[in-house]
Structures are given as C-alpha cells and as structure tokens.
Amino acid sequence: MSKPDRREKRKKEREEKRKAFRQRQQRRVRWEKVEEFSWLAEEAFAQKDSRSALDWALKGLALDPVHPPLMNLALSCARILGDDPNLYHLLRQCWKGNILRGGPAHWLLGRLAFQRKDLDLAQKVLQKLLEAPSTDEWRLSKAQRKEAQEYFERCRVRQLSLFSGSPKAYPPPLPMEKEPIAPQKEKVQESVPSPPPT
C-alpha cells in the first residue's frame, strides 16, 4: 500500500469517527430534550393543566415519536380535552409504530379514522380488533363491538364499491352517542306504474 492510499484510508477513518461522534452527541441532546419535555408535561399534568401537558408531550413526541410515557400522557390529555384531531394523530402514530394496544384504543382509532373518511386505516384497525382474542385487554362493551362491526362492514362495502367501479358516496356517519345503535333498515322503493298516455 502506498503512502497516498494510507493517508486516504486514515482520512476516511477520521471522518467516519467524527461523524459517529457528532451523531452520538445529537442523540444525547435529543434524548435530554425529550426528557425535559417529559418532565414539563408531567408537571403540568400534575397541576391539572391538561392543555400545557399535551403541548409539552407533543413537543417531546416530535423528537421521539414512540416514547411510551409521553405517548400515554399525550393520549390521556387529548381524551380529557376532547381534542379529537390530536387524539386521532396520536393513535395513528401508535398504529404506525406498532405500539397501539388493547381493544378500546383500536375501537377509538377505527371510529375516528372512519369519521375522517380514512377507510383503509379504519378497515385494517377494525379487522384487527374484530379478529383479536377474547382477553381482558381486548374486551369491549356490546355496543362498542356492534359499532365496530358496523363500521367495518361499511368500510368493506365502500372498498367493494371502489373495486366494482360504481361511484357510490361515502356511507353516512354513525351517530356519536354512546347508546347502542339500532340497525338501519333499507328503504325499499316500490315501483308505481306510470299512468297510461291519453
């Protein structure tokens, strides 16, 4: 190996070491910021300031999207505040990061996705929910299970209508009440003969 080749190799090794060092420093700084945002969010939540807690948690999640304590805190605050857009965003982030757990969380994400006409996501989430084992973690009320089944069927019908090429409108949204939903009866239109021409 000639001297220029050795110099190039050493130079390349030094550059790689510097790059690795910079990356470690950036990770450490990012981790420290996430921990600071987590602490601020927990303090705000302890003082019952859910809006500030949610804001701090969202800042931390922007740096570390699947930080479990921050995600749990952000989800709790969004539920308390009734902040459906942030709740949907957070649940979707959990779904993408494969950290969404339990029946109630899947039911809520499926419902919110359906209401926002994200039928692909709603169908996937609800299918996983309906195929889940009957354990305490996946337990739903009868009304929630029935609503999940109805949402899933509507998503499936919509997907089939897209594949068949018929331009059907989105199905009407289900009511937001927590009461059991009565099954919808299809209206049958009777054909009335037209009067004979005079």
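The values are calculated or read from the model by the stated rules, or taken from the named source; none is laboratory data. Here the structure is a predicted model, which is why all the values come from computation and not from measurement. All Cβ positions, glycine included, derive from the backbone under ideal geometry; neighbour counts span all protein chains shown.
Worth pointing out:
Rundown of residues vs (1) surrounded by 10 or more Cβ atoms within 10 Å (Cβ to Cβ); (2) free of Cβ contacts under 8 Å to residues at least 40 places away in the same chain; (3) over 26 Å from the mean Cα position of the chain (by Cα), yes/no style:
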| site | (1), (2), (3) |
| --- | --- |
| ASP5 | no, yes, yes |
| LYS12 | yes, yes, yes |
| ARG22 | yes, yes, yes |
| GLN26 | yes, yes, yes |
| TRP31 | yes, yes, no |
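- Qualifying residue in the stretch 103-111 (condition: in contact with a Cys (Cβ under 6 Å, 6 or more places away or on another chain) and either assigned to a loop (DSSP other than H, G, I, E, B) or not hydroxyl-bearing (Ser, Thr, Tyr) (or both)): no
- Here LYS117 meets the list (1) at pLDDT 85 or above; (2) assigned to a helix (DSSP H, G or I) almost entirely, failing just condition (2).
- Restricting the stretch 120-132 to residues that are in a helix (DSSP H, G or I) and not charged (D, E, K, R), the residue that is surrounded by the most Cβ atoms within 10 Å (Cβ to Cβ): VAL125
- Residues being modelled with pLDDT under 85 and either under 19 Å from TRP95 (Cβ atoms) or among the aliphatic types (A, V, I, L, M) (or both) - total across the stretch 134-143: 3
- Near pairs, Cβ below 7 angstrom, 6+ apart or cross-chain, from the stretch 133-153 (loosely packed, with under 13 Cβ neighbours inside 10 Å) to any residue that is not basic (Lys, Arg): GLU137/GLY102; GLU137/GLY103
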